[in-house]
Amino acid sequence: MQTRNVNIPINITVRHETVTDSLRDYATKKIEGLHIDYPKIIEAKIVLDVQKNRHIAEIILFCANHITIEASSETKDMYVSLDETISKIARRMRKHKTRLMKRYRSTKPEESIRFLDEKVFAADILDKHPEDAETDPEPMIIHREELKLKHLFKEEAIMELELSEKPFLVYQNARRNVLQIVYRRKDGDYAIIEP
């Protein structure tokens, strides 16, 4: 089950009427019920407006990568307005994800990741003092993968890392033609290493 869009800061504003707890809970559950992992929601603002027989629901989502998604609906019932607005928001979020997936989808088989060297040392190596070691320990090869470097811009590499569950991405910078490694830091930001 997805947990990326849980506990989002949600601001609910009601014009020309007081907000009820049931309406606030309903709007919160609808926003938290968006099970789309891209774009990641950072903050949500909901504006509910009541004018005679018009109930207007407007939702603005502030997402990662400077994406803002907004939609509004007008009906004769506030709950129906919220439902229609949430369905519009979900469609727009799916559209962003589909565009991104189409843009960065590799069509060439030689650009796919194949094997990457992975080394594991024996557990007793950690207990030895550096002066006692006569030679460097020989690592055991567990898994090997080869990959072809992709030529990407910095923004494209961050987008590709955002879509994957990998902790880092090695790529050739298309602007400067240098090897770079982009990784996700513990605070959620991204950093680039240039070897």
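Each value in this text was obtained by applying a stated rule to the coordinates, not by laboratory testing. Predicted model, so just to flag it, every value in this text is computed and none were measured. Cβ sites come from the backbone with ideal geometry, for glycine too, and all protein chains shown count toward neighbours.
If a paramagnetic tag sat 7 Å from the Cα of residue 184 along the Cα-Cβ line, which residues of the stretch 61-100 would have the backbone N under 18 Å from that point? It comes to 63-67, 97-98, 100, nothing else.
The dipole here belongs to the stretch 10-104: it is taken about the Cα centre, uses +1 on the Cβ of Lys and Arg and -1 on the Cβ of Asp and Glu, and is about 660 debye.
Take the residue pairs 45/154; 102/150; 29/52; 30/97; 40/95; 88/166 and return only those whose Cα atoms are more than 23 Å apart. If you can, show how the numbers build up before the last one.
Numbers: 45/154 30 Å; 102/150 16 Å; 29/52 26 Å; 30/97 20 Å; 40/95 14 Å; 88/166 31 Å.
Violating the 23 Å limit, Cα to Cα: 45/154; 29/52; 88/166.
In this calculation the C-beta distance from residue 29 to residue 163 is compared with R0 = 35 Å, giving a FRET efficiency of 0.85.
Projecting the Cα atoms of 14, 67, 47 onto the charge dipole of the stretch 10-104 (Cβ charges, centred on the Cα centre) puts 67 farthest toward the positive pole. Taken along the Cα-to-beta-carbon direction at a fixed 7 Å, the label points for residue 43 and residue 149 span 4.0 nm.
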